[in-house]
1. Does region 1-33 hold any residues that are part of a loop (DSSP other than H, G, I, E, B) and more than 12 Å from ligand 1 (Cβ to nearest atom), and which are they?
2. Since Gly167 meets every condition but one in (1) under 16 Å from Leu286 (Cα atoms); (2) part of a loop (DSSP other than H, G, I, E, B), which condition does it not meet?
3. Among the numbered conditions (1) closer than 14 Å to Pro243 by Cα; (2) at pLDDT 90 or above; (3) open to solvent by 40 Å² or more (accessible area, probe 1.4 Å), tell me where Thr21 comes up short.
4. Among the residues of region 429-469, what is the count of those that are assigned to a strand (DSSP E or B) and either surrounded by fewer than 13 Cβ atoms within 10 Å (Cβ to Cβ) or among the hydrophobic types (A, V, I, L, M, F, W, C) (or both)?
5. Tally up the residues in region 355-379 that are open to solvent by 60 Å² or more (accessible area, probe 1.4 Å) and within 13 Å of Val399 (Cβ to Cβ), please.
6. If you take the residues in region 143-175 that are touching a Ser or Thr at 6+ places or on another chain (Cβ under 8 Å) and without any contact (Cβ under 8 Å) to a residue 40 or more places away in the chain, which one is farthest from ligand 2 (Cβ to nearest atom)?
7. Consider Glu172 against the criteria (1) modelled with pLDDT of 95 or more; (2) part of a strand (DSSP E or B): it satisfies all of them except one. Which criterion is unmet?
8. Just one of the numbered conditions (1) at pLDDT 85 or above; (2) open to solvent by 20 Å² or more (accessible area, probe 1.4 Å) is not true of Ser298; which one?
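The values are calculated or read from the model by the stated rules, or taken from the named source; none is laboratory data. For clarity, every value in this text was computed on a predicted model and none was experimentally measured. Note: ideal-geometry Cβ built from the backbone for every residue, glycine included; neighbour counts use all protein chains shown. Protein only, heavy atoms only, side chains kept; ligands, DNA and RNA dropped before computing areas. Shrake-Rupley method; radii C 1.70, N 1.55, O 1.52, S 1.80 Å.
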Amino acid sequence: TPPERIRNFCIIAHIDHGKSTLADRMLQITGAVADRDMRAQYLDRMDIERERGITIKSQAVRMPWEQDGHAFALNMIDTPGHVDFTYEVSRSLAACEGAILLVDAAQGIEAQTLANLYLALENDLTIIPVLNKIDLPAADPERFAKELADLIGGSPDDVLRVSGKTGEGVEELLDRLVAEIPAPKGDADAPARAMIFDSVYDAYRGVVTYVRMIDGTLSPRERIQMMSTRATHDLLEIGVSSPEPVPSKGLGVGEVGYLITGVKDVRQSKVGDTVTGARTPATQALAGYVDPKPMVYSGLYPIDASDYPDLREALDKLKLSDASLAYEPETSVALGFGFRCGFLGLLHLEIITERLEREFGLDLITTAPSVIYEVTTETNETIVVTNPSEYPDGKINGVTEPIVKASILAPKDYVGTIMDLCQTRRGTLLGMDYLSEQRVELKYTMPLGEIVFDFFDQLKSRTQGYASLDYEPAGRQEADLVKVDILLQGDRVDAFSAIVHREKAYAYGTTMTERLRKLIPRQQFEVPIQAAIGARIIARENIRAIRKDVLAKCYGGDITRKRKLLEKQKEGKKRMKMVGRVEVPQNAFIAALSGD
Ligand code: GDP
Ligand code: MG
């Protein structure tokens with residue numbers, strides 16, 4: 001297809017505003033997917049994506065559309081909408097000339113609408129504002145058309161109104177895409193340059209790499225080079241998704257398609273990298289490639305210690321399809337052998353643990369998420385700490401923590417409660433904007449460590465679900481942080497160590513000691529549970545001694561009942577962990593860590 005007949009676009013929206021549903025309707029109306037093959041959320045391939053209704057990996061699809069007797073190719077690139085995956089969103093946007101800004105006509109603009117809009121504007125995309133779900137009785141298109149027009153300029157009349165559910169307005173939207181989005185530009189005679197915007201592991205085909213051609217052409221069977229590493233691979237297949245893969249004779253300027261080279265690991269074909277031909281390689285790679293860096297760390301331990309090799313194998317497998325997952329072995333006194341894993345954010349952590357449990361049948365304990373602390377020791381060495389139990393015990397010269405710029409959108413009635421919450425989370429208010437009479441945007445800087453600790457849940461419950469949150473990294477700051485250890489009969493239980501602000505140390509100490517007193521059964525001797533900062537004890541509880549004689553209750557008589565009791569006790573023992581002399585049931589660790 002010549003560039004002037006190509007339109008490349010994406011849909012940007014807050015989660016649940018109907019991106020996947022609209023994509024489905026477009027596939028159907030353009031005939032890319034026959035009615036009989038249609039299923040809901042056609043492009044959301046992973047099981048978890050379907051069940052949770054979120055898009056994790058982006059996908060590209062080519063749709064035919066005719067206008068004034070000309071055949072156009074519309075390439076739709078579906079982007080993940082969540083903050084954890086901002087890097088992938090920005091790469092997908094860089095592959096487009098235009099974006100549909102999709103807003104739920106009953107909800108209005110939300111935090112991720114704004115975040116993604118700003119990314120799209122940075123990439124110079126043509127924005128087509130669209131209100132969705134106009135079939136809903138609660139839809140208020142007049143009000144939100146004005147909100148949208150105020151935000152991006154133009155008149156409320158330019159805001160299209162559609163329903164991804166009924167299909168109303170979708171043909172008109174397709175026509176607008178052709179009319180308003182610029183055709184791609186590039187140099188057809190230059191050495192090939194293609195940007196990788198997605199890289200997906202497929203058990204049958206190996207890594208499938210999605211690219212947007214900028215200059216030149218790539219043809220089947222040629223040898224290609226990855227510009228960041230200079231590694232070369234033979235092309236086994238090249239084609240377009242429409243949406244099922246269709247091999248083609250090559251990809252030219254402006255086209256969007258896929259490459260298969262037989263590599264087995266997405267790390268060899270990274271999002272953001274530039275592909276060129278190996279014979280006449282381009283000299284200049286396309287704009288900046290970065291390795292996405294983990295932001296949040298957590299320990300993953302198998303509940304059954306014998307599952308450890310399976311956990312390792314499962315992580316190795318997931319890494320093939322997720323270059324941003326990091327992990328290394330670690331051991332814990334309380335939890336045994338496991339892995340310290342790095343994630344892009346909390347949703348990423350949840351998705352990985354869910355996949356490990358569901359796809360690999362593992363039962364896991366996840367330790368409290370931690371951010372990256374940089375500690376300057378007394379001898380002015382810098383240590384990077386991602387696991388609280390590795391925080392130095394002695395005197396230190398200082399410590400820094402990551403901070404983020406957070407944007408919170410909510411109806412104005414909730415401003416007070418949101419400010420309270422942000423205050424207790426050490427937030428600094430940067431500013432407040434009224435997007436409309438009803439809707440306010442609050443901007444804060446806040447420690448990331450405060451956000452990973454159930455901030456989002458708190459925000460949602462205090463605002464009846466009406467607030468939305470987005471954040472981006474904003475560097476690091478010095479902070480008055482301390483490590484709180486939890487001791488059982490004088491022995492430190494590493495899984496419970498936490499790095500907290502000095503003012504919150506006491507609260508953490510009392511909560512954990514109380515929780516553990518309730519969870520740990522009495523022993524034959526008294527067990528003190530203490531919380532400590534270094535050598536200083538800040539909280540203490542006691543488990544009183546008891547002489548546990550399970551047979552005492554069975555007044556001699558019934559022998560089978562006696563045996564059953566003994567067996568039960570033995571079984572219980574198996575799931576006990578020894579911390580020093582103290583027997584702790586495995587599930588007490590789990591319960592204390594999860595807080596229920
Ligand atoms: P995404 O998170 O942006 O991909 O949103 P989805 O497409 O998964 O839609 C979220 C929810 O909104 C689903 O329950 C959809 O059925 C519903 N939905 C999407 N579009 C419409 C629409 O036009 N009208 C109505 N009534 N519901 C819609
Ligand atoms: Mg979706």
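1. Thr1, Pro2, Thr30, Gly31, Ala32, Val33
2. Of the numbered conditions (1) under 16 Å from Leu286 (Cα atoms); (2) part of a loop (DSSP other than H, G, I, E, B), the odd one out for Gly167 is (1).
3. Thr21 satisfies all of (1) closer than 14 Å to Pro243 by Cα; (2) at pLDDT 90 or above; (3) open to solvent by 40 Å² or more (accessible area, probe 1.4 Å) except (1).
4. Residues meeting the conditions: 10.
5. Number satisfying all stated conditions: 2.
6. Within region 143-175, the match that is farthest from ligand 2 (Cβ to nearest atom) is Ala149.
7. Glu172 satisfies every listed condition except (2).
8. Only one criterion is unmet by Ser298, namely (2).
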